[in-house]
Amino acid sequence: MPPANRGAAAGPSSGGRHGPPAATAAPKRNRPRYHAFTQQQLPACKPILAPNMVIPILVFVGLLFIPIGLACYAASNKVFEVVYRYDTKCVPKNMLHNKVGYIQNASINKTCVINLKIPNAMKRPIFVYYQLDRFYQNHRRYATSFNIAQLGDPKEEVNPYIKDCKPEAYAGNGSPVVPCGLVAWSLFNDTYSFARRPSGGGGEALRVIKSGISWRSERERLFGKHVYPKNFQNGTLVGGGRLDPRKPLSEQEELMVWMRTAAMPRFRKLYGRVEADLGAGETVAVAVRNRYNSYSFEGAKAVVLSTAGPLGGRNPFLGRAYLVTGMACLVLALLLTIVCLFFPMKEEHLQLR
């Protein structure tokens, strides 16, 4: 009797008269090609933090940071500054109960004179700053309320992003405001004039130079030479200072300094510089036109006279940070040395190296 599965017995494995058997296809694999990088087998430095390595590093960092801290601290102490808060001093006594009404009343004379006593000799150039407290320029809604394309190109007066400037995007007649936004609208507008006040009377005016107070990149790139203010502060609610419509934005440096928003609620911004020396004990009379409304948000205003050092203005924080870090490293090195003397490492720990 013939086999029941005779065809299966002569399957594709047998060549027969149909030629050689078909080759079996190799299975597909997703494994990547071997490489030392993909397998994380590249040679690497894996130091073991032993005391004989950590202690010298801590000593080196400590001996390096302490002199740097002393130098930074000494440089900061050579910078002299005079700060005078005038927001309350310049308000008449009969208006102290209603400061907002005083600043909003255009018929009241806002000029007041304050005297600054110079405790130390100040060499030129002397930088003049205005200081504001409780003004949150870092608020998200405020900090994004400007149009950078509009500042640099006259063809971008109206663009899709001008909506970020609301409510100071368009004037009442529907034409765009240039520069738009709350940042420019709230431009600081108090002014200062300075004069020496000798003991015998009279005085010598000190000229405040306001050119060169902005960054060169702002004058040449960010603010356009052919962009002029339009419809600025023409609404019913005036936020701050006004701009000269005859001057391009690239020449309005007070605006550039103001629009460089601050990160903290207390900040200083450069007002100008005085190219004159002031002696110790001199008195400088400052005529302040107190026009900026800081009373609505209970803010404070101050005028600052300051010299500059190699690291800028007076700021002892950097020197103190270096000193504290350097002394901490030396203390840690001493503690580790004492621990290693009284509790030396065991033999099995040393063999790990």
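The values are calculated or read from the model by the stated rules, or taken from the named source; none is laboratory data. Computed from a predicted structure; not experimentally measured. FYI the Cβ positions are ideal-geometry reconstructions off the backbone, even for glycines, and counts take in every protein chain you see. These accessible areas exclude ligands, DNA and RNA; they are computed on the full protein's heavy atoms, side chains included. Shrake-Rupley method; radii C 1.70, N 1.55, O 1.52, S 1.80 Å.
For the listed peptides 336-342, 122-128, a ranking on the average number of other beta carbons within 10 Å per residue, highest first, reads 122-128, 336-342. Taking 21 Å as the limit for the C-alpha separation, the pairs Lys155/Lys247; Lys166/Lys269; Lys117/Lys301; Lys269/Lys301; Lys99/Lys166 exceed it in the case of Lys166/Lys269; Lys99/Lys166. Summarise the accessible area of the range 80-308 (1.4 Å probe, protein heavy atoms) by the percent that is carbon and sulfur. About 51 percent, which is the carbon plus sulfur part of the accessible surface.
Give me the accessible area per residue for the range 204-353, probe 1.4 Å, as a whole number in Å². Intermediate values should be presented prior to the final figure.
Values: 8900 Å² over 150 residues.
Per-residue value: 59 Å².
Exactly which GluC sites (Glu not before Pro) in the range 255-353 are in a DSSP loop and have at most 12 other Cβ atoms within 10 Å?
Working: sites: Glu275, Glu282, Glu298, Glu347, Glu348; in loops: Glu275, Glu282, Glu298.
Loop-located and lightly packed - Glu275, Glu298.
Would you mind checking the tilt of helix 51-77 against the longest principal axis of the Cα atoms of the chain, expressed as 0 to 90 degrees and rounded to 10? Helix 51-77 sits at roughly 20 degrees to that axis.
In the chain, the longest principal axis of the Cα atoms and the axis of helix 317-342 are about 40 degrees apart.
Measuring from each cysteine beta-carbon in the chain, the ones with no other cysteine beta-carbon under 4.7 angstrom are Cys45, Cys72, Cys329, Cys340.
Dividing the summed -39500 (n - 2.57) terms of all DSSP H runs of n ≥ 4 by the residue count of the chain sets its mean residue ellipticity at 222 nm at -7500 deg cm²/dmol. Taking a sphere under 15 Å around the Cβ of Ala74 and counting the other residues whose Cβ falls inside, with K and R at +1 and D and E at -1, yields a net charge of +3.
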